[in-house]
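Right, one structure below, let's go through it.
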Amino acid sequence: MGFSASLFRAFLAANVWVYRKTGGRVGSQGGKVVLLTATGRRSGMERTLPLMGITDGDRILVAASAGGDDKHPGWYHNVTANPEVTVQRGQDVFEMKARTAGPDERPALWDRFVEKSRNFAKYETRTDRQIPVVILEPREKS
């Protein structure tokens, strides 16, 4: 891992720490950011990172944009392998299940990301892959 990747990981870890300590009052960018905790598909370890989340009723939407990189982000592979996740929005923590939006629902959901931030439109032009929209739904209580 290069210096810039190490620095980026340190920044993410600091952002997660501050978000948790302040209940999302700092680090949530006005309520746009959620913390997603997923289990690593190879390591089995829990990983938490900040993502832009869009509330959709009792669901939360996140986009696997990776800034327009040609590869899906690692967290996307993790949630497809292990869909049971934890999401923190502000002080609230939710047990959720992740699924990728299907071809019929993705276009309208993707448009919501582009409306929230023009960066998502830029990300789409940087890559040939279709950026997945992940729907986080409440887990059924057993």
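The values are calculated or read from the model by the stated rules, or taken from the named source; none is laboratory data. This one's a predicted model, so the numbers in the text were calculated from it and none came from an experiment. Here Cβ is always computed from backbone atoms with ideal geometry, including for glycine, and neighbour counts include all displayed protein chains.
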Looking at this structure, is residue 77 at negative phi, surrounded by 15 or more Cβ atoms within 10 Å (Cβ to Cβ) and part of a loop (DSSP other than H, G, I, E, B)? no
Between a first residue in the range 119-142 that is touching a residue at least 12 places away in the same chain (Cβ under 8 Å) and outside any loop (DSSP other than H, G, I, E, B) and a second residue that is surrounded by fewer than 19 Cβ atoms within 10 Å (Cβ to Cβ) and hydroxyl-bearing (Ser, Thr, Tyr), which pairs have beta carbons less than 8 Å apart while being 6 or more apart in sequence or on different chains? 133/100; 134/100; 135/100
Restricting attention to the range 45-63, does a residue exist that is of a type in the set (S, T, N, Q), loosely packed, with under 15 Cβ neighbours inside 10 Å and over 15 Å from the mean Cα position of the chain (by Cα)? no
Would a scan of the range 18-36 turn up a residue that is among the hydroxyl-bearing types (Ser, Thr, Tyr), farther than 20 Å from residue 118 by Cα, within 11 Å of the chain's Cα centre (by Cα) and not in a loop (DSSP other than H, G, I, E, B)? no
The range 7-41 - residue that is at pLDDT 80 or above and loosely packed, with under 12 Cβ neighbours inside 10 Å and, of those, farthest from residue 137 (Cα to Cα): 7
Specify the residue that is farthest from the chain's Cα centre (by Cα); the eligible residues are those in the range 81-99 that are free of Cβ contacts under 8 Å to residues at least 24 places away in the same chain and not in a loop (DSSP other than H, G, I, E, B). 92
Scanning the range 115-142 for residues that are among the aliphatic types (A, V, I, L, M) and modelled with pLDDT of 95 or more, which turns out surrounded by the most Cβ atoms within 10 Å (Cβ to Cβ)? 136
Over the range 41-95, the set of residues within 20 Å of residue 24 (Cβ to Cβ), among the acidic types (Asp, Glu) and out of contact with any Ser or Thr (no Cβ under 7 Å at 6 or more places or on another chain) is 56, 58, 92
